[in-house]
Amino acid sequence: MSITQLGPHGKKLLQNLRHLFGGNHVHENEILPTNVLTEQYMATAYVVWRFEHDITTSTSKGNASVAGGHFGYRTADYQSHLQRLCQKAVRNRDIRGPFMQRVDAARSGALACPSTAQPVHDFGSYSVFRQCGSCTGSGRISCGGCSGRGKRTCGGCGGVGSHNETVTHTRWNGRHNETYSQTVRRTCPSCGGGGRVVCTSCGGSGKQTCGACSGHGFFTDVSRVKAIARPWWHVPKHTGLAAEALVRALEHRGPTSAQELVPLDLAGTEYNENDNWVVRYTGTAEIVELGIDVVKTNYIVAAAGANVIPIKTPPVFDQLLRYELDHIASLLNGGKRGRSNIRRQAKKLFAVFRSVPVLDEALQNVAKLGKDARENPAPAIVRVAEGFISGDAATSIGTAFLHTLDKVSPANSRAAWAIVAMFPAVASFFSTANRFTEFSPSNPWQAVVPLCFAVVAAALAMLAVSPVGWLLSATISSLLRLKVPAEYRQRGRDWAPLKNACFFTMSASFAGALYGAAGAMHWVPNIRDATTPVVNYAVMHTAQGSEANRFFAGLATPAPVKAPIIAESTVDTRRDVQRFLIAHGYLHGEPDGNLGSRTSAAIARYERHENLNAWTPLPDLLAHMRTVTFPASAASTAFEPPVATIAPNSNQNFVQTGSARRSTIPVSTNGAAPTDKTDSGTVIPCSEDGTYFSRNVCKSAVLSASYEREIQEYEVAQRRIGAADSGVRIEQERWLEMVTRDCADAQCLTSAFEKRTADLNARYRGG
């Protein structure tokens, strides 16, 4: 088909299409017309005006009454009057006259109005007084400083009325003057001894000006009532060439832009059944429908108006940009990796997009989009393509544009924010992990408040350093944007990563809480133990005396000095724990070394009673059992009770009680013992073996007898338990260790023997 057969509208449409498509993988001369159709018919559109009321209310303190429209305190009359005005605004046709005359006079110019609601009638303003609820209309409220009493407690004496005062005197002692101090009771000068002073907030009146109403005691509510007309644009169905496309285009453009397609003019007005005023506009629509061949593919394009604006737009660019769309689709098909795939090829894609005219113009438009418009860049691409592209293709291209621009022309620097966020994140992790080392799974709810506090503190810490992140991000991103031409530079959005940075630090704090709880349950090393090598390395490799060295030295945890302990097997440890639990009534049975359900339940009861961590390892638990009854001030070693050496003296006998592990106490037949600083009695001959008992116990008849009674009670306890090698033995050894270490005189020994005897008697004889 030749161009001469197209007609003026067909030629102009073909020229516009060649200009739009040309250069986008197709030459202008390759776009050929195949057929053309033209038609003129009457197009109709309606503007439906719906009448409503509009009330704006304001409140003032004190008197702001409206002259001629004030209702005093008659709130009911005021509300009733407003309701009548609202009904009048909706139903009264008489007040609509001036508005309707304006629309009739404007004719087609009135189409510019239906974008917003239009005023119809102003009923004026009306006012009413409303009593203040805070002061009940008086304008004054009770003083908060003195609770309305007019006086408050004296701050000088705390309400007592007097206070102590130290007075210094000088007197002659017969040889020289001497100075001495004396405390005397003085009347408080502030309150004169009354204990209360006049309140400065209210001046002693007990009342203050009401802050809600500023002392007026009432408010004035002012309401202004208007009648408005709200428009609704409606285009009915048409018949004719490309009628459906024309209706869609008119509805999409609205009344303000409809004139570009059809020259509409006022044709008539009427009321519908809903009492809405309907204004009808008509005009002659000139439609041209052109068939074109683009790269051996036929398309039908329809246009309307003197400027032949396309109203039927087939997706021509989907074919012309098939290579770019396929490449983008292959990159985005990686799912979550699609973004990284595009970023890796950002420079190559940027060059490709700039080489295609329609993509180049669209890329420039997307680069200038604001924060909200970036959420959906497809409309910007559709506008550049004048509608000749599908929604899916526009969305795919828009996604690729955003990722490409974020790489070649970044609006912010995520790396800068990551560096800044690392400091509060690491600090939050270690701080929270260290705080949760005392976590107990038996009371998990007690960790909720500390966890919330730690997470909020992490977010606040990130907010505190956020200005540094913004400054660093703005500097880096500005330098990177200088690498591309100005028309492709995005607007800076350097605060955008703050949300993710806060979430990162909060997550680090939460992870620290989990690690601390796991460390408390001995699933992972304690946070301080885990970081000790790093801290020690930092201390060793920083300059002595520097700020960094002092900082790391403060973080270093000195290794606790531990006395050597005797290694025990796992079975022996469990058996010793069972013995202790049996001896103290937590468990019944024989110590077999098996950690069954009964033993576990007994351990749990003991841990709750002693407020221990429910996940305390058995060696630590056994160590606590050995020291809880008789705590030591320092770490102790395994104790083997000393055994006295039998002397070859025919005049002395030795009373040996208990098992071979217990002490042998020398006792004299005549009951004599040498006197010491605290005790006196008959001297008991002892061997000079240098043991603790030869130096302290066996030389005193009182101590020997007291210790013998303790041994007897110990034997009773052993028989009561039913096994010589039981938890009582462990307890006895711990007790002997404490005695030999802490008691240095006879008084301490006597007290220890008597208390131990009474304790064993009460537990195993009385029980």
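The values are calculated or read from the model by the stated rules, or taken from the named source; none is laboratory data. Small disclaimer: the values here were computed from a predicted structure and weren't measured. Methodologically, a virtual Cβ is constructed for each residue, glycine included, from the backbone with ideal geometry; neighbour enumeration extends over all protein chains shown.
Scan the range 482-539 for residues that are among the polar types (S, T, N, Q), farther than 29 Å from residue 460 by Cα and outside any loop (DSSP other than H, G, I, E, B) and jot them down. Steps first, please.
Taking the range 482-539 first, the residues among the polar types (S, T, N, Q) are 490, 500, 505, 507, 509, 526, 531-532, 536.
From what is left, the residues that are farther than 29 Å from residue 460 by Cα are 490, 536.
Scanning the range 482-539 gives a single hit, 536.
For residue 446, all conditions in the list (1) under 14 Å from the mean Cα position of the chain (by Cα); (2) loosely packed, with under 13 Cβ neighbours inside 10 Å hold save one; what is the number of the exception?
Here residue 446 clears every test but (1).
May I ask you to say which residue of 111, 20, 82 is in contact with a Pro (Cβ under 6 Å, 6 or more places away or on another chain) and part of a helix (DSSP H, G or I)? Lay out the reasoning, then the answer.
Working: 20 fails: in contact with a Pro (Cβ under 6 Å, 6 or more places away or on another chain); 82 fails: in contact with a Pro (Cβ under 6 Å, 6 or more places away or on another chain).
Answer to the check: 111.
When residue 242 is evaluated against the numbered criteria (1) closer than 18 Å to residue 14 by Cα; (2) of a type in the set (Gly, Ala, Ser); (3) surrounded by fewer than 21 Cβ atoms within 10 Å (Cβ to Cβ), which criterion, by number, is the only one it fails?
Condition (3) is where residue 242 drops out.
Return yes when residue 545 is at pLDDT below 75 and outside any helix (DSSP H, G or I) and no when it is not. Break it down stepwise before answering.
Working: at pLDDT below 75: yes; outside any helix (DSSP H, G or I): yes.
Yes.
I'm trying to understand the selection: among the residues of the range 398-412, which are surrounded by 20 or more Cβ atoms within 10 Å (Cβ to Cβ) and among the hydroxyl-bearing types (Ser, Thr, Tyr)?
404, 409
Tell me, please, whether a residue that is touching a strand residue (DSSP E or B) at 6+ places or on another chain (Cβ under 8 Å), in contact (Cβ under 8 Å) with a residue 60 or more places away in the chain and surrounded by 14 or more Cβ atoms within 10 Å (Cβ to Cβ) can be found in the range 327-344.
First, the residues of the range 327-344 that are touching a strand residue (DSSP E or B) at 6+ places or on another chain (Cβ under 8 Å): none.
No, the range 327-344 contains no residue that is touching a strand residue (DSSP E or B) at 6+ places or on another chain (Cβ under 8 Å), in contact (Cβ under 8 Å) with a residue 60 or more places away in the chain and surrounded by 14 or more Cβ atoms within 10 Å (Cβ to Cβ).
Conditions (1) outside the structural domain of residue 759 (by TED's automatic domain parsing); (2) of a type in the set (Gly, Ala, Ser); (3) modelled with pLDDT of 75 or more; (4) over 42 Å from the mean Cα position of the chain (by Cα), marked per residue:
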site	(1), (2), (3), (4)
555	yes, no, no, no
560	yes, no, no, no
581	yes, no, yes, yes
602	yes, yes, yes, no
609	yes, no, yes, no
643	yes, no, no, yes
656	no, no, no, yes
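Quick check on my filter: what residues within the range 267-323 are assigned to a loop (DSSP other than H, G, I, E, B) and of a type in the set (A, V, I, L, M)?
First, pick out the residues of the range 267-323 that are assigned to a loop (DSSP other than H, G, I, E, B): 272-276, 295-296, 305-308, 313-315, 321.
295, 306, 308, 321 - these are the residues of the range 267-323 that are assigned to a loop (DSSP other than H, G, I, E, B) and of a type in the set (A, V, I, L, M).
Does residue 45 satisfy the criteria of being assigned to a helix (DSSP H, G or I) and over 51 Å from the mean Cα position of the chain (by Cα)?
No.
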